[in-house]
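Down below is the structure, laid out as structure tokens.
The values are calculated or read from the model by the stated rules, or taken from the named source; none is laboratory data. Only a predicted model underlies this, so the values are computations on that prediction, with no experimental measurement involved. When we count neighbours, we look across all protein chains shown, and the Cβ atoms used for this are built from the backbone with ideal geometry, even at glycine.
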Amino acid sequence: MEKLWSFPILVLLFWCNLSGQETPRYAAGQLLVKFLPETAPASEQAVAEDRFQNPALDALGQKYGWPDIRKIGPLAPRKKQPANDWQRTFLLQAGAEVDLDQMLADYEQTGLFEFVERNYGGSSAGSPVELTPDDPFYGRQWSHYNDGTFFLGTPVIDADIDLDEAWEVETGDPSIIVAVLDNGVNYNHPEFQGRIWNNAGEIPNNGIDDDSDGYTDDVLGWDFAYTDNDPDDAYGHGTNVAGIATASGNNGIGYAGVDWNCTLMPLKILDDNDFGFYTWWAEAIYFAVDHGARVLNMSVGGSGFSSTLEDAVDYAHLNGTTVVVSMMNTNSNTPYYPAAYQSTIAVGSTSPDDTRTVPFPWSASSGSNYGAHIDVVAPGNYMYGLHYLNNNNYDTYWAGTSQATPLVTGLCALLLAQDPSLGPEDLRTILHDTAEDQVGLPSEDTPGFDIYYGYGRINALEALSPTIQSTSDRQWEEMKLFPNPLPSGQKVVSVQLPDNDSGEYLLSLSTADGRLIRQSRQALFGTTEVEVGALAPGTYFLQIEQGARRFRAALAVH
């Protein structure tokens, strides 16, 4: 039995502003719950019956008017996913009038859930400005090549990402799918001709879910905001972002995107008022990963932390999909999500003079956000691009960390065209290692990593240069694990790195045949205990990575 879902778009939102600090917006009457592994119900039955068949939860269901139940996550475990993880998260939709604080507390008190949280939301990270200059179109793209003559701001020669030289090395490959999760995309624009993703498993407009992925007639993407198969843009932000990353180059029209040949997958996760719930964002991530996207651009953010959204981001990372996100634009160190999650690549914005953008032209109080979670910066101010309604209008520019993010996304796509074996952490390392440091104000852009510029402004030529050592060529170093063999049932192993190295590392646990089963980030100091979970008898490999340092050891479980 199939259950059709059409949640109302006009959901009540609650938020307030106290002392200038943004309070996260969330949907009235909606909770996200993730069951513990040992308490997870049969997801299909729960969705079909709107009941979890648990006495405590049935009592709460009756109390709150039998909320609608909807599973959040892949329709089936098509990609790598921790066992049972894909079917443990659900959206509960009660009436808008319920006391959500009490409902949240009631569900938490059952002890059945890994987390219970509100369905938060967020918006894009850029705003438009429009004028009609006389310059040639490529001359407006100071981010690609800055000769100091750009007519807005105070341009500085070479305050760019050296794209004109980088294109001599790589211009992209159609096998690399880039998903843009945004307001939608003007996918009929000539700059995207022949470049839009096509779902080969779906027959257009027959009203049937031919590939059984849960989405009917999803031929070229999906609209998660309005639950249909038309991810068109009715706001403008998504088309600008997609054009910066992927507009065709050297074709005699418009502008040149970073990657001229990749395949573009448009996914609409913001409504026509530039707002989207995290459930839309999470479902779009699962969709993109399961349909082969290698890079996700998310020029969006919300200030509410969500484990549901983090699970989706981690799912992408686990499956080799890189998620590139914007830091947002409040000129503060307020963490926004998904930028503040460990698995994403977080991007800040610079202006034509290489300084951190403060302010953007649309608000005196705006500015590129900063914090310990930032990775790199890229040009994001005065970014001309494609129009969402008029294919002949090239006179609109946007400004924000939203516009910096697709430059990084496009560069990741070029790197994957050059070496498809690169994973998210490989790409992060290349971006860090090849970024230009100390290009901004000395008070902010200090040597090495800093909270304003991260590792620096990206440089496409350096990243793509054949003189840069491929991460796949780096040698593995040995480390010690004990006890080894590990007794079956013991969930913790001690790790000792050479010379008692310390710092934050990416930990990856794989089976002998290379199947990734667990991944996390953890601070290691000397000898440190690491959680590996309950492992069946056999041989496993634990890999630990930090920048150019890579450690690996076999772990036997008896």
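Please work out if Tyr107 is closer than 22 Å to Ala28 by Cβ and modelled with pLDDT of 75 or more. So Tyr107 fits the description; yes.
Is segment 338-355 home to any residue that is among the β-branched types (Val, Ile, Thr), modelled with pLDDT of 95 or more and out of contact with any strand residue (DSSP E or B) (no Cβ under 9 Å at 6 or more places or on another chain)? Yes; the residues of segment 338-355 include at least one that is among the β-branched types (Val, Ile, Thr), modelled with pLDDT of 95 or more and out of contact with any strand residue (DSSP E or B) (no Cβ under 9 Å at 6 or more places or on another chain).
Looking only at residues in segment 445-461 that are on the phi > 0 side of the Ramachandran plot and touching a residue at least 24 places away in the same chain (Cβ under 8 Å), which one is nearest to the chain's Cα centre (by Cα)? That would be Gly454. The set of residues in segment 255-277 that are closer than 20 Å to Ala28 by Cα and assigned to a loop (DSSP other than H, G, I, E, B) comprises Ile269, Leu270, Asp271, Asp272, Asn273, Asp274, Phe275. Asp271 falls short on exactly one of the conditions (1) in contact with a helix residue (DSSP H, G or I) (Cβ under 8 Å, 6 or more places away or on another chain); (2) crowded, with 21+ Cβ neighbours inside 10 Å; (3) acidic (Asp, Glu), and that condition is (1). Screening segment 8-40 for residues that are in contact with a Phe, Trp or Tyr (Cβ under 7 Å, 6 or more places away or on another chain) and assigned to a loop (DSSP other than H, G, I, E, B) and picking the one that is modelled with the highest pLDDT gives Leu36. Across segment 308-325, the qualifying residues are those that are β-branched (Val, Ile, Thr) and part of a helix (DSSP H, G or I), and the one among them that is farthest from Gly423 (Cα to Cα) is Thr308.
Would segment 255-265 turn up any residue that is farther than 26 Å from Gly139 by Cα and either modelled with pLDDT of 95 or more or surrounded by 20 or more Cβ atoms within 10 Å (Cβ to Cβ) (or both)? Within segment 255-265, one or more residues are farther than 26 Å from Gly139 by Cα and either modelled with pLDDT of 95 or more or surrounded by 20 or more Cβ atoms within 10 Å (Cβ to Cβ) (or both).
Only one of the listed residues (Gly243, Gly201, Gly236, Gly249) is on the phi > 0 side of the Ramachandran plot and not aromatic (Phe, Trp, Tyr). That residue is Gly236. When the test is whether a residue is buried (at least 23 other Cβ atoms within 10 Å of the Cβ) and touching a helix residue (DSSP H, G or I) at 6+ places or on another chain (Cβ under 7 Å), Gly410 passes it. For first residues located in segment 49-69 and more than 16 Å from Lys34 (Cα to Cα), partners that are β-branched (Val, Ile, Thr) and lie 6+ apart or on another chain with Cβ distances below 6 Å form the pairs Tyr64/Val98.
Just to be sure before I move on: is Ser365 at pLDDT 95 or above and not in a loop (DSSP other than H, G, I, E, B) in the structure I sent? No, not satisfied.
Checking the conditions here, which among Thr308, Thr344, Thr321 is under 21 Å from Ser368 (Cβ atoms) and in contact (Cβ under 8 Å) with a residue 24 or more places away in the chain? Step by step, each of Thr308, Thr344, Thr321 is checked, and only Thr344 is under 21 Å from Ser368 (Cβ atoms) and in contact (Cβ under 8 Å) with a residue 24 or more places away in the chain. Where residues in segment 409-444 are without any contact (Cβ under 8 Å) to a residue 60 or more places away in the chain and part of a loop (DSSP other than H, G, I, E, B), which of them is nearest to His317 (Cα to Cα)? Looking at residues that are without any contact (Cβ under 8 Å) to a residue 60 or more places away in the chain and part of a loop (DSSP other than H, G, I, E, B), I get Leu422. Inside segment 333-370, can you point out the residues that are surrounded by fewer than 19 Cβ atoms within 10 Å (Cβ to Cβ) and under 29 Å from Ser520 (Cα atoms)? Asn333, Thr334, Pro335, Gln342, listed by residue number.
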